[in-house]
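The structure appears right after this line, and notes come after that.
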Amino acid sequence: MPEKIRFPSPEEKREKETLEALKERGGILYREEIDPETKEVKRFVNILGVEVETYASKEDIEEIRKEIVLSETDQKMLRTIAECYKLRQPLLFEGDPGVGKTFLMKKFVRLIHGKEAPILEIVGTPRTSELEILGHWAPASKERESKDPVVQDTIRRYDQLEAEYQKANDEFDIQYKKINDEIKDGKTTQEEANKRLEDLLKWYKPLQERYASELQSLIQRTTLTGKVEWEFKEGALLQAYSGREGQGYILILDEFNLIPSNYQQIFLQIGGERGALSDSISFWGNTGKTRYVRGKDTWICFASNYPEKTPGRNEVVAPMTDRLVWKTITPEEAEKKKEVLRRTAGGRLTNRLKELTPLIPEIVAVPVEKGLIWDEVLNEQLGEQIADIVDLFDREFVKIYQEVGDKITKEGGKRTQQFEFSGRNPLRVFDYLDHFQVRNPETGRIDFSQTLKNAFELYYINRLVSEEAQKRMRELLQELLEPKNMEAIKKSEEILKARGKGLPPGAVIFEDKIVSRKELLDILVERASITEEEKSRREKEEKETRERQLKQAQFDSQDALDSLLKNPKIPESVKKVLQE
Amino acid sequence: MAKKLSQKNQKELNQFFEVIEKVAVPSDLRSRRMIYDLGLIILEPNSSLRANDIYSLFPPGKVRLFLLNDKHEYESFLKELVIANREGQWFLVDCQADPSPTIITVLKQISEDNAFTVFHFEGQELFRMDLNPKTRIIFCIDSDFLEKEITYPFFMNLFGPVIRI
């Protein structure tokens, strides 16, 4: 059969052009357009296939682009940053110092806000507390220079109160860590630990409340004298949400795992719907509860070291892990990156740079302009299939992870960092599918198997350090989409008769046939992709074919008749009957 | 004061200051932008030297000395740092308290970007400042204090040249 020629749609052509332009411009592209209504110029930056709005100028973007060596590892990291920013899902990079975790985050902030933009950043330390994160009331800075005895006395009392509170916090953290270490070392049971944690909180909560009420009373008393001015200094988290006149900032939180666990928990508030940042956070200040609404530019990214390699072995608290998209930079990825830097003399050898940093198509996939939408197309069989695959993969991943876990070295035991899976990841996957559907270059249709693979890589597999564990999970996914022995399964009449009993999870019965889930997704996408125009064109074609076949049959029968009539061996009487 | 310095120490310190003054490193592996390192002077247990003695080695006006003796303190530190930076002075910190998280953040930013950003400073929500090409930052710390009291585990990584005297 001759090969079918496929003409790409204008949309597909544009996607290909974008990909080519990205390859030519080193993975980062600037674009601007004029809003037809407001006539306002809108700027966009396309970062490895993900387009987001920017405040940076074309020149800034060009300059920043040249400062990044996009090794395969960097491409993965930068693309992850761009995807999470676009979906406003908070991200954490975990890896050794010097692998470029905060370096790339800062470059990204500059690609969005300009080369000279101030960056909102906290470096976590064992002493980082709510003062830096949320903020605090304090006598106005100028008051410290005052000689007024009332002011001096207020400052002395304030400092004393702060010191006492700090001491209580330090003690809380020491005890909290001790209990956790004992659980890990098997020195105490979970039940016993829970009881001790409860007792710890019983001791700590009243101290917290006492601090708040004493501070409040100090503020009230001293404000009444008219001599002391107090000010609320918003911390980084509140600024990230509502600073810049409500537009918000990108906040970088470096060395997150060094922050004491009770203060890490302040960030639990950022967990919102569908695994994205919450729409607002609340803060109990001295004037009551204040709500900080998330600005349109708010985003938070975290960097953390492997607890196994950090003095004190601090880790990110488990409930927080579920609120973050988590990407470990494995030792192998770090080494690959360093090799590129060494072999290109830090990016200075331009020819070698081109040779060693080609854009990886699997990473730099340009999403389709208009994907299939849940409310319209996906809300039927196709959506149900996707939901089933997400459900199956999530359950199996969590089960295997809990049984086998992950290792930082081949010889090492289970990882210190534990993850909690409470159901945010599947929701993130669905949100991802709304924005990052990719096209199958051969068929031109949306490739949901590949889109799902990309999503699972981002939200699940990226959490793992061990390459062995990553491989195992990828194989699991492959089995869910296309089981290995699919040809043999398809031929099994027993399974068909038993209405699918005995089928592996990666295969289903569809219209009385056994198909893999990948095949089914493709069939359903093909059906869903047919437009009304295409439908009527196909119907017209079918009608024309039928008419042609009918005419041909008429001609053929006439030819046969003519040849019979001309045959001298056929008697005239028969010919007469035939003519009639 | 400088009398307490042996000739050997004097020589080593001069070399140390020269390195701090002249040697720049790329801000990151790719960048051609060169930045100057922060320096760390560790005073050994048997040393009778103090930060004031180091300070007195410089010509008047070249260095601004700051005593960090309160672990919650950061505002005065920032004020003094900004003044030193505006004047193109060196900033010598007599570190007698565990630096607050804000100070650690500022030091890490300077060591990576040659600039720092702090919030709520000089009336700005976010205040950004590039380091003056003439300014250098040196911390002077007792070795015992460094071992026992500094809580930030990567404190030493913030500095380039380190000298023990």
Could you check B:LEU49 against (1) at pLDDT 95 or above; (2) crowded, with 17+ Cβ neighbours inside 10 Å and say which number it fails?
(1)
So which pairs qualify, if the first residue must be in segment A:68-83 and closer than 16 Å to A:GLU339 by Cα and touching a residue at least 24 places away in the same chain (Cβ under 8 Å), the second must be acidic (Asp, Glu) and in a helix (DSSP H, G or I), the Cβ gap must be under 7 Å, and the two must be at least 6 apart or on different chains?
A:ILE68/A:ASP74; A:THR73/A:GLU333
If we scan segment B:84-99, do we find a residue that is more than 9 Å from every other protein chain (Cβ to nearest Cβ), of a type in the set (Val, Ile, Thr) and closer than 22 Å to A:GLU255 by Cβ?
yes
Condition check for A:LYS147: within 30 Å of A:ARG65 (Cβ to Cβ) and either more than 7 Å from every other protein chain (Cβ to nearest Cβ) or not polar (S, T, N, Q) (or both)
no
In segment B:47-83, anything within 14 Å of another protein chain (Cβ to nearest Cβ) and not aliphatic (A, V, I, L, M) is listed as B:ASN69, B:ASP70, B:LYS71, B:HIS72, B:GLU73, B:TYR74, B:GLU75, B:SER76, B:PHE77, B:LYS79, B:GLU80
Could you look through segment A:311-334, keep only residues that are within 14 Å of chain B (Cβ to nearest Cβ) and surrounded by fewer than 20 Cβ atoms within 10 Å (Cβ to Cβ), and pick out the one that is modelled with the lowest pLDDT?
A:ARG313
Check segment A:227-245 and report whether any residue there is of a type in the set (Ser, Thr, Tyr), within 14 Å of chain B (Cβ to nearest Cβ) and under 25 Å from A:VAL429 (Cα atoms).
yes
State yes or no: is B:VAL118 crowded, with 16+ Cβ neighbours inside 10 Å, touching a strand residue (DSSP E or B) at 6+ places or on another chain (Cβ under 9 Å) and aliphatic (A, V, I, L, M)?
yes
Scan (1) of a type in the set (Asp, Glu); (2) modelled with pLDDT of 95 or more; (3) farther than 21 Å from A:THR357 by Cβ for the single condition A:GLU83 breaks and write down its number.
(3)
I'd like the residue in segment A:369-382 that is under 29 Å from A:ILE47 (Cα atoms) and crowded, with 19+ Cβ neighbours inside 10 Å and, out of all such residues, is farthest from the chain's Cα centre (by Cα).
A:LEU378
Scan segment A:17-31 for residues that are loosely packed, with under 14 Cβ neighbours inside 10 Å and not small (Gly, Ala, Ser) and report the count.
4
Report those strands (runs of 3 or more DSSP E) wholly inside segment B:17-129 carrying at least 3 residues which are within 29 Å of A:GLN239 (Cα to Cα).
B:115-121
Taking only segment A:320-372 into account, find how many residues are of a type in the set (Asp, Glu) and assigned to a loop (DSSP other than H, G, I, E, B).
3
Among the residues in segment B:130-140, are any within 12 Å of another protein chain (Cβ to nearest Cβ), modelled with pLDDT under 95 and either within 17 Å of A:GLU255 (Cα to Cα) or surrounded by 16 or more Cβ atoms within 10 Å (Cβ to Cβ) (or both)?
no
Is it the case that segment B:52-67 has a residue that's over 18 Å from B:PHE17 (Cα atoms), out of contact with any helix residue (DSSP H, G or I) (no Cβ under 7 Å at 6 or more places or on another chain) and of a type in the set (Ser, Thr, Tyr)?
no
Condition check for A:ILE34: more than 14 Å from chain B (Cβ to nearest Cβ) and either among the basic types (Lys, Arg) or surrounded by 20 or more Cβ atoms within 10 Å (Cβ to Cβ) (or both)
no
Unique residue being of a type in the set (Lys, Arg), surrounded by 10 or more Cβ atoms within 10 Å (Cβ to Cβ) and modelled with pLDDT of 90 or more when the list is A:LYS551, A:LYS535:
A:LYS551
Could you please let me know if B:LYS108 is more than 14 Å from chain A (Cβ to nearest Cβ), within 24 Å of B:PHE16 (Cα to Cα) and under 14 Å from the mean Cα position of the chain (by Cα)?
no
Can you name the residue in segment A:336-359 that is more than 14 Å from every other protein chain (Cβ to nearest Cβ) and more than 18 Å from A:LEU78 (Cβ to Cβ) and is also surrounded by the fewest Cβ atoms within 10 Å (Cβ to Cβ) among such residues?
A:ASN351
Name the one entry in A:ILE259, A:ILE270 that is in contact (Cβ under 8 Å) with a residue 60 or more places away in the chain and within 16 Å of A:LEU91 (Cβ to Cβ).
A:ILE270
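The values are calculated or read from the model by the stated rules, or taken from the named source; none is laboratory data. Computed from a predicted structure; not experimentally measured. Backbone-built Cβ (ideal geometry, glycine too); neighbour counts: all protein chains shown.
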